[in-house]
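So the structure is just underneath, and the comments pick up after that.
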Amino acid sequence: APARGASGASGGRDDWRMFARLSAVVTCRSVAFFGVSTLLAVVAKQRMDGGSAAGAAALFLLFGGGAVGTVLGGRLAGRFGRVRCARVAYALAVPSVAGVAFLPGPLVLLGVAATAATLFVPFSLQVTLGQDYLPGRVGTAGGVTLGLAVSVGGIVSPALGALADATSPSTALIPVIAAPALAWAVARTLREPEPIEAAAASPAGAARA
(Lines give C-alpha, C1' and ligand atoms only; values in the text may rest on other atoms or scores of the structure.)
Protein backbone atom coordinates (compact mmCIF):
# COMPACT_ATOMS: atom_id res chain seq x y z
CA ALA A 1 0.00 0.00 0.00
CA PRO A 2 1.28 3.51 -0.75
CA ALA A 3 2.50 5.59 2.13
CA ARG A 4 0.11 8.28 3.31
CA GLY A 5 0.14 11.17 0.88
CA ALA A 6 2.57 9.40 -1.41
CA SER A 7 0.37 8.79 -4.41
CA GLY A 8 -3.21 8.60 -5.64
CA ALA A 9 -6.00 11.13 -5.85
CA SER A 10 -5.28 14.85 -5.88
CA GLY A 11 -1.63 14.37 -6.60
CA GLY A 12 -1.21 11.88 -3.76
CA ARG A 13 -3.08 13.60 -0.95
CA ASP A 14 -6.26 12.37 0.68
CA ASP A 15 -9.16 14.12 -1.04
CA TRP A 16 -11.79 14.30 1.69
CA ARG A 17 -14.10 16.54 -0.34
CA MET A 18 -14.41 14.00 -3.15
CA PHE A 19 -14.71 11.19 -0.61
CA ALA A 20 -17.56 12.99 1.18
CA ARG A 21 -19.42 13.36 -2.11
CA LEU A 22 -18.82 9.72 -2.91
CA SER A 23 -20.16 8.77 0.52
CA ALA A 24 -23.35 10.69 -0.28
CA VAL A 25 -23.67 8.73 -3.53
CA VAL A 26 -23.16 5.43 -1.68
CA THR A 27 -25.79 6.45 0.86
CA CYS A 28 -28.37 7.16 -1.84
CA ARG A 29 -27.59 3.88 -3.58
CA SER A 30 -28.07 2.02 -0.30
CA VAL A 31 -31.49 3.59 0.25
CA ALA A 32 -32.55 2.72 -3.30
CA PHE A 33 -31.41 -0.89 -3.15
CA PHE A 34 -32.74 -1.73 0.30
CA GLY A 35 -35.95 0.15 -0.39
CA VAL A 36 -36.62 -1.97 -3.45
CA SER A 37 -35.51 -5.25 -1.89
CA THR A 38 -37.60 -4.66 1.24
CA LEU A 39 -40.87 -4.21 -0.64
CA LEU A 40 -40.22 -6.23 -3.80
CA ALA A 41 -41.63 -9.60 -2.74
CA VAL A 42 -44.97 -8.09 -1.70
CA VAL A 43 -45.16 -5.90 -4.82
CA ALA A 44 -44.43 -8.87 -7.11
CA LYS A 45 -47.09 -11.02 -5.45
CA GLN A 46 -49.68 -8.28 -5.82
CA ARG A 47 -48.83 -7.48 -9.44
CA MET A 48 -48.57 -11.05 -10.73
CA ASP A 49 -51.06 -12.80 -8.43
CA GLY A 50 -48.51 -15.55 -8.07
CA GLY A 51 -48.27 -15.93 -4.32
CA SER A 52 -44.95 -16.45 -2.60
CA ALA A 53 -43.41 -17.98 -5.73
CA ALA A 54 -43.73 -14.65 -7.56
CA GLY A 55 -42.04 -12.82 -4.71
CA ALA A 56 -39.22 -15.37 -4.56
CA ALA A 57 -38.70 -15.16 -8.32
CA ALA A 58 -38.50 -11.35 -8.19
CA LEU A 59 -35.96 -11.43 -5.36
CA PHE A 60 -33.90 -14.05 -7.20
CA LEU A 61 -33.88 -11.83 -10.26
CA LEU A 62 -32.84 -8.82 -8.19
CA PHE A 63 -29.85 -10.50 -6.57
CA GLY A 64 -28.92 -12.60 -9.60
CA GLY A 65 -29.03 -9.52 -11.79
CA GLY A 66 -26.91 -7.76 -9.21
CA ALA A 67 -24.14 -10.31 -9.72
CA VAL A 68 -24.27 -9.69 -13.47
CA GLY A 69 -24.25 -5.93 -12.90
CA THR A 70 -21.16 -6.14 -10.68
CA VAL A 71 -19.18 -8.02 -13.34
CA LEU A 72 -20.46 -5.70 -16.06
CA GLY A 73 -19.46 -2.66 -14.02
CA GLY A 74 -15.86 -3.81 -13.83
CA ARG A 75 -15.65 -4.38 -17.57
CA LEU A 76 -17.28 -1.07 -18.46
CA ALA A 77 -15.13 0.86 -16.00
CA GLY A 78 -11.99 -0.46 -17.64
CA ARG A 79 -13.14 1.05 -20.91
CA PHE A 80 -15.03 4.20 -19.96
CA GLY A 81 -13.86 5.05 -16.44
CA ARG A 82 -15.45 4.48 -13.06
CA VAL A 83 -17.00 7.90 -12.56
CA ARG A 84 -18.62 7.95 -15.99
CA CYS A 85 -20.02 4.46 -15.48
CA ALA A 86 -21.46 5.43 -12.11
CA ARG A 87 -23.13 8.53 -13.56
CA VAL A 88 -24.75 6.63 -16.41
CA ALA A 89 -25.81 3.78 -14.13
CA TYR A 90 -27.57 6.07 -11.69
CA ALA A 91 -29.25 8.00 -14.49
CA LEU A 92 -30.64 4.71 -15.81
CA ALA A 93 -31.56 3.57 -12.29
CA VAL A 94 -34.18 6.32 -12.00
CA PRO A 95 -36.53 4.89 -14.68
CA SER A 96 -35.61 1.37 -13.58
CA VAL A 97 -36.81 1.90 -10.00
CA ALA A 98 -39.84 3.74 -11.38
CA GLY A 99 -40.56 0.62 -13.41
CA VAL A 100 -40.65 -1.46 -10.24
CA ALA A 101 -43.04 1.06 -8.71
CA PHE A 102 -45.43 1.37 -11.66
CA LEU A 103 -45.14 -1.42 -14.26
CA PRO A 104 -48.17 -3.73 -14.21
CA GLY A 105 -48.24 -7.51 -14.06
CA PRO A 106 -45.19 -9.53 -15.13
CA LEU A 107 -43.70 -6.39 -16.71
CA VAL A 108 -42.55 -5.47 -13.21
CA LEU A 109 -39.80 -8.06 -13.68
CA LEU A 110 -38.30 -5.88 -16.41
CA GLY A 111 -37.99 -3.09 -13.88
CA VAL A 112 -36.45 -5.49 -11.39
CA ALA A 113 -33.82 -6.70 -13.86
CA ALA A 114 -32.94 -3.14 -14.89
CA THR A 115 -32.79 -2.01 -11.26
CA ALA A 116 -30.46 -4.88 -10.36
CA ALA A 117 -28.07 -4.06 -13.18
CA THR A 118 -28.03 -0.29 -12.73
CA LEU A 119 -27.63 -0.33 -8.95
CA PHE A 120 -24.88 -2.96 -8.97
CA VAL A 121 -22.79 -1.62 -11.85
CA PRO A 122 -21.30 1.12 -9.61
CA PHE A 123 -21.21 -0.96 -6.41
CA SER A 124 -17.63 -2.27 -6.49
CA LEU A 125 -16.43 0.77 -8.45
CA GLN A 126 -17.35 3.00 -5.53
CA VAL A 127 -15.16 1.00 -3.15
CA THR A 128 -12.07 1.45 -5.32
CA LEU A 129 -12.92 5.10 -5.95
CA GLY A 130 -13.06 5.71 -2.21
CA GLN A 131 -9.66 4.07 -1.74
CA ASP A 132 -8.18 6.21 -4.52
CA TYR A 133 -9.66 9.36 -3.01
CA LEU A 134 -8.04 8.43 0.31
CA PRO A 135 -4.78 6.73 -0.69
CA GLY A 136 -3.37 7.19 2.80
CA ARG A 137 -6.39 5.55 4.43
CA VAL A 138 -7.45 2.78 2.10
CA GLY A 139 -8.78 0.62 4.93
CA THR A 140 -10.95 3.42 6.26
CA ALA A 141 -12.17 4.22 2.75
CA GLY A 142 -13.16 0.63 2.04
CA GLY A 143 -14.83 0.25 5.42
CA VAL A 144 -16.85 3.44 5.08
CA THR A 145 -18.04 2.79 1.53
CA LEU A 146 -19.01 -0.81 2.24
CA GLY A 147 -20.47 0.08 5.64
CA LEU A 148 -22.65 2.85 4.24
CA ALA A 149 -23.76 0.59 1.41
CA VAL A 150 -25.26 -1.80 3.96
CA SER A 151 -26.15 0.18 7.06
CA VAL A 152 -27.99 3.26 5.80
CA GLY A 153 -30.48 1.34 3.69
CA GLY A 154 -31.17 -0.96 6.63
CA ILE A 155 -31.94 2.02 8.82
CA VAL A 156 -34.36 3.52 6.28
CA SER A 157 -36.13 0.23 5.49
CA PRO A 158 -38.38 0.19 8.60
CA ALA A 159 -39.69 3.64 7.71
CA LEU A 160 -40.52 2.46 4.20
CA GLY A 161 -42.23 -0.57 5.68
CA ALA A 162 -44.35 1.66 7.90
CA LEU A 163 -45.25 3.80 4.89
CA ALA A 164 -46.25 0.67 2.98
CA ASP A 165 -48.52 -0.36 5.87
CA ALA A 166 -50.13 3.06 5.92
CA THR A 167 -50.58 3.27 2.13
CA SER A 168 -49.48 0.40 -0.13
CA PRO A 169 -46.16 -1.23 -1.07
CA SER A 170 -46.28 0.33 -4.53
CA THR A 171 -46.90 3.78 -3.06
CA ALA A 172 -44.02 3.33 -0.63
CA LEU A 173 -41.69 2.71 -3.58
CA ILE A 174 -42.41 6.13 -5.09
CA PRO A 175 -40.11 8.12 -2.75
CA VAL A 176 -37.38 5.52 -3.37
CA ILE A 177 -37.16 6.79 -6.95
CA ALA A 178 -35.60 9.98 -5.60
CA ALA A 179 -32.59 8.07 -4.21
CA PRO A 180 -30.90 7.18 -7.53
CA ALA A 181 -31.82 10.63 -8.85
CA LEU A 182 -29.91 12.22 -5.96
CA ALA A 183 -27.05 9.75 -6.47
CA TRP A 184 -26.81 10.80 -10.12
CA ALA A 185 -26.86 14.51 -9.22
CA VAL A 186 -24.00 14.11 -6.72
CA ALA A 187 -22.07 11.73 -8.99
CA ARG A 188 -21.95 14.49 -11.60
CA THR A 189 -19.66 16.43 -9.23
CA LEU A 190 -17.19 13.54 -8.85
CA ARG A 191 -13.97 13.38 -10.83
CA GLU A 192 -11.81 10.43 -11.73
CA PRO A 193 -8.80 10.21 -9.37
CA GLU A 194 -5.51 11.13 -10.98
CA PRO A 195 -3.47 8.04 -11.86
CA ILE A 196 -0.39 7.43 -9.75
CA GLU A 197 1.88 7.72 -12.76
CA ALA A 198 0.38 11.04 -13.80
CA ALA A 199 0.65 12.40 -10.29
CA ALA A 200 4.31 11.47 -10.08
CA ALA A 201 5.02 13.01 -13.48
CA SER A 202 3.26 16.30 -12.74
CA PRO A 203 5.35 19.36 -11.74
CA ALA A 204 3.93 19.25 -8.24
CA GLY A 205 4.65 15.55 -7.97
CA ALA A 206 8.19 16.01 -9.27
CA ALA A 207 8.81 18.76 -6.75
CA ARG A 208 7.65 16.50 -3.91
CA ALA A 209 9.83 13.69 -5.19
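The values are calculated or read from the model by the stated rules, or taken from the named source; none is laboratory data. All values reported here derive from a predicted model rather than from experimental measurement. Quick reminder, even Gly has a Cβ in these numbers, built from the backbone with ideal geometry, and neighbours come from all protein chains shown. Just so you know, the surface numbers come from the protein's heavy atoms only, side chains and all, with ligands and any DNA or RNA stripped out. Shrake-Rupley method; radii C 1.70, N 1.55, O 1.52, S 1.80 Å.
All of Ala178, Ala209 fail the test of being open to solvent by 70 Å² or more (accessible area, probe 1.4 Å) and either small (Gly, Ala, Ser) or at pLDDT 95 or above (or both), apart from Ala209. Within the stretch 57-80, which residues are loosely packed, with under 14 Cβ neighbours inside 10 Å and farther than 22 Å from Leu39 by Cα? Val71, Arg75, Gly78, Arg79, Phe80, listed by residue number. Filtering Ser96, Ser124, Ser157 for residues that are open to solvent by 20 Å² or more (accessible area, probe 1.4 Å), of a type in the set (S, T, N, Q) and in a helix (DSSP H, G or I) leaves a single hit, Ser124.
Quick check on the stretch 133-140. Is at least one of its residues of a type in the set (Ser, Thr, Tyr), part of a helix (DSSP H, G or I) and within 15 Å of the chain's Cα centre (by Cα)? No, the stretch 133-140 contains no residue that is of a type in the set (Ser, Thr, Tyr), part of a helix (DSSP H, G or I) and within 15 Å of the chain's Cα centre (by Cα).
Only one entry of Val108, Val71 meets the criterion of being part of a helix (DSSP H, G or I), free of Cβ contacts under 8 Å to residues at least 24 places away in the same chain and at negative phi, and that entry is Val71. A search for C-beta distances below 8 Å between a residue of the stretch 4-27 that is within 14 Å of Ala141 (Cβ to Cβ) and modelled with pLDDT of 50 or more and any residue that is of a type in the set (Val, Ile, Thr) and part of a loop (DSSP other than H, G, I, E, B), counting only pairs 6+ apart in sequence or on different chains, returns Arg21/Thr189.
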